[in-house]
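K.L.:
Questions regarding the structure given below will be posed in turn.
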Amino acid sequence: MDRPEVSIIVAALLPSHGIGNRGKLPWRLKKEMKYFREVTTKTHDPLKKNMVVMGRNTYESIPVKFRPLKGRVNVVLSRDLDSYRKKMEQEVAANGSMLQLAGSLDQALLFVDPTKIEEIFIIGGAQLYKTALDKASHMVDRILLTEITSLEQLQLDTFLALDSTQWEKRFETELSSYLVSKGLADEFQLTGNHEGNFQYDFTLWKRKT
Ligand code: FOL
């Protein structure tokens, strides 16, 4: 059996592709977060779970009450595993274990048992997105990018490096079929969403062939 498909999921402000500021998301979008939660949690096969892979900084940016992200196998990457494991063991114990540490993305993918994991989501941050999207890697099957625009000027210090010579936005119908295949068909409006001063569209990107 081969490896499950790998998706990147990310929300970014246009046109800069800003994704964060001072270690946190620059916005609080309730329905957008619901999309993140449902897309990364829902499986077609009820016996399988999805895996979420994230860098250490991203893990620490998730509110304590929400981490590890429930209903999903969480993998946190750190180059300094020994010092981080100590600190994490407390949280792991408190939350009932669905959390693993790995030293690299490649090592994380070694944990994957395709009979138990349906899909792998890379959930950030900037460093990990960059590694995963690297020209040479070809491990990512799709990018689920929420394109946000805002009337207010936002403070941003972290950006998504999305190379449009390598990746292209696909038609809305392709995102629809993807969501239908996961049983998430009618739950989301794909374009023209707004919350507060923000507008956003859910989009799907694939590698150019
Ligand atoms: N992708 C998208 N589309 N939107 C995001 O906000 C996003 N955020 C991250 C990665 N990819 C994303 C990383 N940051 C939570 C918090 C921060 C975070 C990711 C997840 C979090 O607390 N999630 C909970 C839901 C919390 C809630 O309902 O308010 C979860 O169960 O997923």
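The values are calculated or read from the model by the stated rules, or taken from the named source; none is laboratory data. Note that the coordinates shown come from a computational prediction; the quantities given were computed from them, not determined experimentally. Cβ placement follows ideal geometry from the backbone for every residue including glycine, while neighbour counts extend to all protein chains displayed.
K.L.:
What is the number of the single condition among (1) surrounded by 18 or more Cβ atoms within 10 Å (Cβ to Cβ); (2) at pLDDT below 95 that residue 138 does not meet?
P.N.:
(1)
K.L.:
Within the range 13-45, how many residues are surrounded by 14 or more Cβ atoms within 10 Å (Cβ to Cβ), among the small types (Gly, Ala, Ser) and within 12 Å of the ligand (Cβ to nearest atom)?
P.N.:
The number of residues fulfilling the criteria is 1.
K.L.:
With respect to residue 87, determine if the residue is at pLDDT 90 or above, basic (Lys, Arg) and closer than 28 Å to residue 64 by Cβ. Steps first, answer last, please.
P.N.:
On the way: at pLDDT 90 or above: no; basic (Lys, Arg): yes; closer than 28 Å to residue 64 by Cβ: yes.
Spelling it out, it is not the case that residue 87 is at pLDDT 90 or above, basic (Lys, Arg) and closer than 28 Å to residue 64 by Cβ.
K.L.:
Looking only at the range 139-154, count every residue that is part of a loop (DSSP other than H, G, I, E, B) and over 18 Å from residue 200 (Cα atoms) and tell me the total.
P.N.:
At the first step, the residues of the range 139-154 found to be part of a loop (DSSP other than H, G, I, E, B) are 139-141, 151-154.
Applying the additional criterion that residues be over 18 Å from residue 200 (Cα atoms) yields 139-141.
Count: 3.
K.L.:
I've got another one for you. Which one is nearest to residue 45 (Cα to Cα) among residues in the range 155-187 that are surrounded by 15 or more Cβ atoms within 10 Å (Cβ to Cβ) and at pLDDT below 95?
P.N.:
182
K.L.:
Would it be correct to say that residue 198 is within 19 Å of the chain's Cα centre (by Cα) and either over 23 Å from residue 129 (Cβ atoms) or surrounded by 16 or more Cβ atoms within 10 Å (Cβ to Cβ) (or both)?
P.N.:
no
K.L.:
Of 165, 191, which residue is out of contact with any strand residue (DSSP E or B) (no Cβ under 9 Å at 6 or more places or on another chain) and in a loop (DSSP other than H, G, I, E, B)? Please lay out each step first, then the result.
P.N.:
Working: 191 fails: out of contact with any strand residue (DSSP E or B) (no Cβ under 9 Å at 6 or more places or on another chain).
None of the others qualify; the one that does is 165.
K.L.:
Follow-up question, since we're still on this one. (1) out of contact with any Pro (no Cβ under 9 Å at 6 or more places or on another chain); (2) at pLDDT 95 or above; (3) of a type in the set (Ser, Thr, Tyr): which one isn't true of residue 59, the others all being true?
P.N.:
In the conditions (1) out of contact with any Pro (no Cβ under 9 Å at 6 or more places or on another chain); (2) at pLDDT 95 or above; (3) of a type in the set (Ser, Thr, Tyr), residue 59 misses (1) alone.
K.L.:
Have a look at 81, 128, 101 and point out the one that is buried (at least 19 other Cβ atoms within 10 Å of the Cβ) and modelled with pLDDT under 95.
P.N.:
On the way: 81 fails: buried (at least 19 other Cβ atoms within 10 Å of the Cβ); 128 fails: modelled with pLDDT under 95.
Matching residue, one of 81, 128, 101: 101.
K.L.:
Can I ask one more? Would a scan of the range 119-132 turn up a residue that is farther than 15 Å from residue 8 by Cα and either in contact (Cβ under 8 Å) with a residue 24 or more places away in the chain or out of contact with any strand residue (DSSP E or B) (no Cβ under 6 Å at 6 or more places or on another chain) (or both)? So that I can check it myself, show each step before the final result.
P.N.:
At the first step, the residues of the range 119-132 found to be farther than 15 Å from residue 8 by Cα are none.
Within the range 119-132, not a single residue is farther than 15 Å from residue 8 by Cα and either in contact (Cβ under 8 Å) with a residue 24 or more places away in the chain or out of contact with any strand residue (DSSP E or B) (no Cβ under 6 Å at 6 or more places or on another chain) (or both).
K.L.:
Evaluate the following for residue 186: is it under 19 Å from the mean Cα position of the chain (by Cα) and of a type in the set (Asp, Glu)? It would help to see each step written out before you state the result.
P.N.:
Details: under 19 Å from the mean Cα position of the chain (by Cα): no; of a type in the set (Asp, Glu): yes.
Answer is no for this residue.
K.L.:
Now for a different question. Give the residues of the range 129-138 that are closer than 21 Å to residue 18 by Cβ and either in a loop (DSSP other than H, G, I, E, B) or more than 10 Å from the ligand (Cβ to nearest atom) (or both), sorted by residue number.
P.N.:
So the first thing to find is which residues in the range 129-138 are closer than 21 Å to residue 18 by Cβ, and the list is 129-134.
Of everything in the range 129-138, those that are closer than 21 Å to residue 18 by Cβ and either in a loop (DSSP other than H, G, I, E, B) or more than 10 Å from the ligand (Cβ to nearest atom) (or both) turn out to be 130, 131, 132, 133, 134.
K.L.:
So, of the residues in the range 48-79 that are more than 12 Å from the chain's Cα centre (by Cα) and touching a residue at least 60 places away in the same chain (Cβ under 8 Å), which turns out to be nearest to the ligand (Cβ to nearest atom)?
P.N.:
Across the range 48-79, the extreme among qualifying residues is 61.
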